[in-house]
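Below you'll find the structure, written out as structure tokens, and then a few comments.
What follows is calculated from the coordinates using simple rules that are stated; it is not laboratory data. Computed from a predicted model, the values in this text were never measured in an experiment. Ideal geometry is used to build each Cβ from the backbone, glycine not excepted, and the neighbour counts take in all protein chains shown.
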Amino acid sequence: MALTGKMIEIQRPDGASLPAYLATPEGGERAPGVVVIQEWWGLNDQMKRTADRLAAAGYRALVPDLYRGKVASAADEANHLMTNLDWAGACHQDLRGAVAFLKEGGAKVGVLGFCMGGALTIMAAVHVPEVDAAVCFYGIPPADAADPGKIGAPFIGHFAIHDDWCTPAAVNGLEATLKAAGVEHTLYRYDAHHAFFNEARPEVYVPEAAELAWKRSLDFLGRVLGGESAA
């Protein structure tokens, strides 16, 4: 699948520049926006294809390059990059800048992230007030990084019941917090392992679960942001 988006530079709130991959639907310069938040691997082609799929569904999709050009191919390298990421800066500067860029068109903007990006999705939904919707794939941030009970936008989460990182117990705890705080949310659980959405990882990819999660995500984004609901 040929990539259809392009790399651009956007501005963070502090004035610094940030590279990002932008995919725009044909004739949709003012369409609703979605900030796609990378896995721990970095801004790789799989993340770019996800943005392209969102563009095909009618959304302006922007993937900020949180690692500034670095992409991992091995787990230990990815873990090193993730561990050294300035998470607060990524949330308050990179992601807020990405949301602001998409907001310039006047439409609503959601965030959607995977793994590390799923944790950052929750952080953004708590700390970036401009976020209108949040879709989290198998990621939960540390308690001191964000209180999920303070999520300020409609939220859905996709989790795997055989996940040894976002364990079923952790997901149950997240759900209890969301319920107690009255956050508008829906959590889905799939008979799969961590990263089941990633078609570039055949050892964990589950097509049926991935497609169901994608459809649910588009339905949710369509309802909350006003975009299309199928692709």
request  = With unit charges on the beta carbon (Lys/Arg positive, Asp/Glu negative), name the residue among Gly27, Gly97, Leu112 whose Cα is farthest towards the positive pole of the charge dipole of the range 6-225.
outcome  = Gly27
ask   = Mind listing which GluC sites (Glu not before Pro) in the range 1-99 are in a DSSP loop and have 15 or fewer other Cβ atoms within 10 Å?
value = Glu26, Glu29
task = Starting from the amide H of Ala192, placed 1.01 Å from N in the peptide plane, find each other amide H under 5 Å away whose residue is 5 or more places distant or on another chain.
result = Ile161, His162
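Would you mind giving the three semi-axes, in whole Å and largest first, of the ellipsoid equivalent to the range 51-91 according to its Cα gyration tensor?
Values: eigenvalues 127, 38, 11 Å².
Values for the range 51-91, descending: 25, 14, 7 Å.
Counting other beta carbons within 10 Å of each residue's own, what order do His158, His193 fall into, fewest first? Mind dumping the intermediate values first?
Numbers: His158 27, His193 19.
Ordered by Cβ neighbours within 10 Å, fewest first: His193, His158.
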remark   = The ³J(HN,Hα) series, computed from each phi in the range 7-24 with the Karplus coefficients 6.51, -1.76 and 1.60 at θ = phi - 60°, rounded to the nearest Hz and given as x for glycine or proline, is 7, 9, 10, 10, 9, 7, x, 7, x, 6, 8, 9, x, 7, 9, 10, 10, 10
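Which value at 222 nm does the chain reach when only helices count, each DSSP H run of 4 or more adding -39,500 (n - 2.57), with the total divided by all residues and rounded to the nearest 500 deg cm²/dmol?
-10000 deg cm²/dmol
Which whole-number percentage describes the relative contact order of the range 1-118, with Cα contacts under 8 Å and a sequence gap of 6 or more? Walk me through the numbers on the way to the answer.
Details: 240 pairs, mean separation 41.0, N = 118.
Averaging sequence separation for qualifying contacts and normalising by length gives 35 percent for the range 1-118.
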task = Arrange Leu95, Leu43 by Cβ neighbour counts within 10 Å, fewest through most, would you?
result = Leu43, Leu95
remark   = Whole-Hz Karplus couplings 3J(HN,Hα) for the range 59-71, θ = phi - 60° and coefficients 6.51, -1.76, 1.60, Gly and Pro as x, run 10, 7, 10, 10, 10, x, 8, 5, 9, 6, x, 7, 10
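For the chain, calculate the relative contact order in percent as a whole number, restricting contacts to Cα pairs under 8 Å that are 6 or more residues apart.
On the way: 522 pairs, mean separation 38.5, N = 231.
Relative contact order here is 17 percent.
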ask   = Looking at the range 1-108, which trypsin sites (Lys or Arg not before Pro) are in a loop (DSSP not H, G, I, E or B) and have at most 15 other Cβ atoms within 10 Å?
value = Arg30, Arg68, Lys70
request  = Using only alpha carbon pairs under 8 Å that are at least six residues apart, calculate the relative contact order of the range 103-150 and give it in whole percent.
outcome  = 40 percent
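Only bridges whose two residues both fall in the chain count here: according to DSSP, what percent of them are antiparallel, nearest 5? Don't jump to the answer; show the numbers that get you there.
On the way: 10 of 33 bridges.
If we restrict to bridges inside the chain, about 30 percent are antiparallel.
If neighbour count is taken as other Cβ atoms inside 10 Å, put Ile122, Ile10, Ile140, Ile37 in order from fewest to most.
Values: Ile122 26, Ile10 19, Ile140 23, Ile37 31.
Fewest-to-most ranking of Ile122, Ile10, Ile140, Ile37: Ile10, Ile140, Ile122, Ile37.
In units of 2.2 N^0.38 Å, what is the alpha-carbon radius of gyration of the range 163-210?
On the way: Rg = 12.8 Å, N = 48, 2.2 N^0.38 = 9.6 Å.
Ratio of Rg to 2.2 N^0.38 Å for the range 163-210: 1.34.
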task = Using R₀ = 41 Å, calculate the FRET efficiency as 1/(1 + (r/R₀)^6) where r is the Cβ-Cβ separation of Leu212 and Gln11; round to 0.05.
result = 0.65
request  = With viscosity set to 1.567 mPa s and temperature to 4 °C, compute the Stokes-Einstein D of the range 6-225, Rh being the Kirkwood radius across alpha carbon pairs; µm²/s, no decimals.
outcome  = 76 µm²/s
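Stretch Asp164-Glu130 to full length: gain in nm at 0.36 nm per residue minus the Cα-Cα span? Can you show the working numbers first?
Details: separation 34, 0.36 × 34 = 12.24 nm, distance 3.21 nm.
Length difference between fully extended and current span is 9.0 nm.
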ask   = What is the set of long-range amide H partners of Thr186 at a cut-off below 5 Å, with H atoms built 1.01 Å from backbone N?
value = Phe155, Ile156, Gly157
query = When the Karplus curve 6.51 cos²θ - 1.76 cosθ + 1.60 is applied with θ = phi - 60°, which whole-Hz ³J(HN,Hα) does each residue of the range 198-208 get, with x for Gly and Pro?
reply = 7, 5, 7, 10, x, 6, 10, 5, 10, x, 5
ask   = To one decimal place, what orientation-averaged projected area in nm² is obtained for the convex hull of the Cα set of the range 1-103?
value = 6.3 nm²
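Looking at this model, which pairs from Lys48/Lys215; Lys70/Lys215; Lys48/Lys103; Lys108/Lys215; Lys6/Lys150 are more than 27 angstrom apart at the alpha-carbon? Intermediate values should be presented prior to the final figure.
Values: Lys48/Lys215 18 Å; Lys70/Lys215 30 Å; Lys48/Lys103 20 Å; Lys108/Lys215 19 Å; Lys6/Lys150 34 Å.
Among Lys48/Lys215; Lys70/Lys215; Lys48/Lys103; Lys108/Lys215; Lys6/Lys150, the Cα-Cα distance tops 27 Å for Lys70/Lys215; Lys6/Lys150.
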